[in-house]
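The values are calculated or read from the model by the stated rules, or taken from the named source; none is laboratory data. In this text the structure is predicted, and so the values were computed from the model without any measurement. As a convention, Cβ positions derive from the backbone with ideal geometry for all residues, glycine included, and neighbour counts pool all protein chains shown.
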Amino acid sequence: TPMLSLDNAFNSEDIEDFDRRVKERLLQDGDLEYCCEPKLDGVAVNLFYEKGELRKAATRGDGSIGEDITHNIKTLPSLPLKLLKRTKQDRLTNNLEVRGEVFLEIKDFKALNKKLRKLGLKEFANPRNAASGSLRQKNAEETKKIPLRFIAYTFGYIDNNNIKTQSDFLSNLKSWGFKISQYNKIIKGTKSLYEHHKKF
C-alpha cells in the first residue's frame, strides 16, 4: 500500500481549515476528537507481517517501492519479530502492514559520533542520516551495534479491520508488542489542539 506524505499546518488558521474540511466530509458538527502524536525525525519503514510473523521490511522509498531492509530491521530489540496475542482466543490478522519510524535518540547519536571520532572514522551529519545509513548497510551485525529504536504509528493494510479509531489501533499495536510514543494524546476541539501543539 503506498506510503503517502503528511500535510502541514503552520498556524491556527490552517488547523481551523483542516478541521472544517474534515467536518464537511464526515457530515459532522461540534468538536472532533483528534489523536495527537509527535512527528519523529527518522526513517519511515513499512513492516509486513503474515500470520503474526515479520516477513519483510522496506524503507519508504518513493512511496510505492522501497529498499528491502529485512535483515537489518530484525536486529532492533524494540521491534517484535512475532506479534503477541492478548488472549489465547485472540486471532492475529493474516496480513498486516505496520508503519513506523526508525530513529536514534540524541544522546545515542552523540555517543556514536564520539566513538567514530576516537576511531578516526567519518562522523554522521545528523541522527536521521545515522539511522538511514545503519538500516541500509549490507552487514546486519554492524546494524546491531547501533542503538536504533522503532516507534509504530499506523498501518498500511490490515485484514479483517474492525478498528474504528486511530487511538484504538495504537492500543492494538501496544498489545501486540510494539513500542508507541508515550506522548500520544486524545484532544477534543481545535482550540485544545492548538494549545497542545504550542505546549508540546
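Where strands (runs of 3 or more DSSP E) sit wholly within region 1-93, those with at least 2 residues that are more than 16 Å from the chain's Cα centre (by Cα) and surrounded by fewer than 16 Cβ atoms within 10 Å (Cβ to Cβ) occupy 53-59.
Any residue in region 76-92 that is within 21 Å of Tyr153 (Cα to Cα), of a type in the set (Val, Ile, Thr) and modelled with pLDDT under 95? The answer is no; no qualifying residue exists. What do you reckon, is Ser134 surrounded by 18 or more Cβ atoms within 10 Å (Cβ to Cβ), modelled with pLDDT under 90 and more than 16 Å from the chain's Cα centre (by Cα)? Yes. Does Ser175 satisfy being surrounded by fewer than 17 Cβ atoms within 10 Å (Cβ to Cβ), over 30 Å from Ser12 (Cβ atoms) and either in contact with a strand residue (DSSP E or B) (Cβ under 6 Å, 6 or more places away or on another chain) or not β-branched (Val, Ile, Thr) (or both)? Spelling it out, Ser175 is indeed surrounded by fewer than 17 Cβ atoms within 10 Å (Cβ to Cβ), over 30 Å from Ser12 (Cβ atoms) and either in contact with a strand residue (DSSP E or B) (Cβ under 6 Å, 6 or more places away or on another chain) or not β-branched (Val, Ile, Thr) (or both). Just one of the listed residues (Glu141, Glu195) is exposed (fewer than 14 other Cβ atoms within 10 Å of the Cβ) and in contact with a strand residue (DSSP E or B) (Cβ under 9 Å, 6 or more places away or on another chain), and it is Glu195. Selection over region 15-32 of residues that are farther than 21 Å from Ile186 by Cβ and of a type in the set (Asp, Glu) gives a count of 2.
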